[in-house]
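To start, the structure under review is shown below, and the notes come after it.
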Amino acid sequence: MPLMSLFGSKGRLVLGTFLLYAIIFELACCQNDAQEQRTSPGKKANKPKLGKATNKGPQAVTTKPKVKATPTTQAQAFLSQVLNRGKFTKVGDSISVQAGDTLELRCRGKPVHWGVPLYLEEDDDGRLKIVQHERYGVLTLVNTTGADTGEYTCYPMYCEDTDCRKEYDKAVKVFVFFPDPQELFVPSSDYYEVIQLRTNWPTVLPCQVTSPESKVTLHREFPPMEVVVDGTEISFNVKKGFTIHRPRPYHAGALYCVASLGNLRQSSTKYMLIYVNYPMAPPAPVIQASTSSVAVGENLRVSCTAVGEQNVAIEITWEYPGQEIGRPLYTQDGVSPVSGGAARQQTQSVLLVDEVRDVDQGTYTCTAQNLQGAKSVSTNVKVVPKTKPKKP
Ligand SMILES: *[C@@H]1O[C@H](CO)[C@@H](O)[C@H](O)[C@H]1NC(C)=O
């Protein structure tokens, strides 16, 4: 992991100024619950191992959640923080632990499963230790850096013999900031990040700060200017970064965040925002055959049309009775503007069946697809015997 080799080796811990923090997650545990979720029942690897110290090796599975759910706040659950061993104070949904110090989280339950920020999950350089005691689990992270900033979750487990389930609805999470005097932003391994701005979809610029005290502003590279963050069009969340709620083409370009704390001022990684015309909904195609009953030898046309936003591509594909025997059909495709109303366009595909044969009888289906999804419509065509032009 490049991230780990970059940040795991820093080792800012100064022995002697070692502070111990512990957050106690007090949870009602291990009752039967209708909303429990199973974690691969029967698989030995998911069996929580009591007393195992690290997440290295196969025993580590309990520290690596495959599924993360958004837990709901439980009435019984509360958080407290231990300062100077033994003195408890309740904590809110976030805490700060100075980078270099040790984070210690405790969660009541036998056993519990821990969720940690993604990069720690992938490789923690041996700094992360998870111990299950009889009645509670302890997560210890030593030699911390700003890169460890993120969400830490405790999932109580409900077990029957070797079969354990995470109780997602009883999970407790805390966002931990690791204020780092040298790194105001959680370091990124990339010099810049490309982000798609999709029409009407919120876009997040994930410039995550290591200290909740930082003042963070958003900036545009060209022309150089600070971007107005009004809380409506663009908002800031100290645990997430900036969100552009309804992207527009003018939001595109190179942006970056600037954090200031005390005398320190730092820029984040660069975000290249690319605007993509994104449809509001999947297309709604309409299919129509030139006739529902066609005589052998005559020509058939089946048209499929879908109206959508201008400059948003819709792809039309066909399924037809003669397909299986490789009947060669061809289509005439085109896009034309729709008169009246807002900027809309019609995409049309016409399937041409020349000199109809018996095999052409059946269901014709067209599927229209855009970036939001696909929709199919069908029509039936009956093939009747050749009409005799002359009668004896
Ligand atoms: C933490 O840092 C100290 C001092 O640099 C080092 O000796 C120790 O091995 C580190 N511990 C871990 C688990 O990385």
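Using θ = phi - 60° and the Karplus form 6.51 cos²θ - 1.76 cosθ + 1.60, what ³J(HN,Hα) does each residue of region 181-194 get, whole Hz, x for Gly and Pro?
Once θ is set to phi - 60°, the couplings for region 181-194 become x, 9, 10, 6, 10, 4, x, 10, 7, 9, 6, 9, 10, 8 Hz.
For region 217-233, in order, what is each residue's ³J(HN,Hα) by Karplus, 6.51 cos²θ - 1.76 cosθ + 1.60 with θ = phi - 60°, in whole Hz (x at glycine and Pro)?
These are the phi-based 3J(HN,Hα) values: 10, 10, 9, 10, 6, 9, x, x, 6, 8, 8, 6, 10, 9, x, 10, 6 Hz.
Would you grab the residues whose amide H sits under 5 Å from the one on Val227? Only those 5+ places off in sequence or on another chain, please, with H modelled 1.01 Å from N.
Leu218, His219, Arg220
Among Thr203, Thr291, what is the fewest-to-most ranking by other Cβ atoms within 10 Å?
By the 10 Å Cβ count, ascending: Thr291, Thr203.
If r is the Cβ-Cβ distance from His245 to Ser267 and R0 is 25 Å, what FRET efficiency results, to the nearest 0.05?
Once rounded, the FRET efficiency stands at 0.60.
Among Leu141, Leu118, which comes first, then next, by fewest other beta-carbon atoms within 10 Å?
Ordered by Cβ neighbours within 10 Å, fewest first: Leu118, Leu141.
If amide H atoms are built 1.01 Å from N in the plane of the peptide, which residues on other chains or at least 5 residues away come under 5 Å of the amide H of Thr102?
For Thr102, the qualifying residues are Leu19, Tyr21.
What are the residues whose amide H is under 5 Å from the amide H of Val384, where those residues sit 5 or more places off or on another chain and H is modelled from the backbone?
The answer is Val294, Ala295, Val296.
Give the aspartates and glutamates reachable from Lys173 as a straight Cα distance under 14 Å; neighbours fewer than 8 places away on the same chain don't count.
Of all the aspartates and glutamates, those that pass the test against Lys173 - Cα under 14 Å, at least 8 places apart if same chain - are Glu26, Asp93, Glu104, Glu151.
Mind giving me the nanometre distance, one decimal, between the label points for Asp190 and Val228, set 7 Å out from Cα along Cα→Cβ?
3.0
Nearest 5 percent is fine: what portion of the DSSP beta bridges confined to region 286-384 is antiparallel?
90
Please give the net charge around Val258, taking every other residue with its beta carbon less than 11 angstrom from that of Val258, where Lys and Arg add +1 and Asp and Glu add -1.
Neighbourhood net charge equals +1.
Mind listing the phi-derived Karplus ³J(HN,Hα) values for region 156-170, rounded to whole Hz, using 6.51, -1.76 and 1.60 with θ = phi - 60°, and x for any glycine or proline?
Working through the residues one at a time gives x, 10, 10, 10, 10, 6, 9, 9, 10, 10, 6, 9, 4, 6, 10 Hz.
Put a dot 7 Å past each Cα toward the Cβ at Cys159 and Glu315; how far apart are the dots in nm?
4.9
Here is the link list: Lys240/Lys375; Lys129/Lys170; Lys170/Lys215; Lys129/Lys166; Lys170/Lys239. Which ones come out longer than 26 Å on Cα distance?
Lys240/Lys375; Lys170/Lys215
Restricting to DSSP loop positions (anything but H, G, I, E, B) with no more than 14 other Cβ atoms inside 10 Å of their own Cβ, which trypsin sites (Lys or Arg not before Pro) remain in region 114-161?
Those satisfying the criteria are Arg135.
Find how much the distance from Ser339 to Asp123 grows on full extension, using 0.36 nm per residue of separation minus their present alpha carbon separation; answer in nm with one decimal.
Result for the pair: 72.0 nm of gain on full extension.
Take each of the peptides 220-227, 105-112, 314-321, average the number of other beta-carbon atoms within 10 Å over its residues, and list them starting from the highest.
Descending mean neighbour count gives 105-112, 314-321, 220-227.
Multiplying the sequence separation of Gln346 and Asp93 by 0.36 nm and subtracting their Cα-Cα distance, what value in nm do you get?
86.1 nm
Hey, with R₀ at 51 Å, roughly what FRET efficiency would Trp201 and Asn380 work out to, going by the Cβ-Cβ distance, to 0.05?
0.85
Quick note: the coordinates plus some simple rules give every number you see, no bench work behind them. Quick caveat: nothing in here was measured; it's all calculated off a predicted structure. We place every Cβ from the backbone using ideal geometry, glycine too, and count neighbours over all the protein chains shown.
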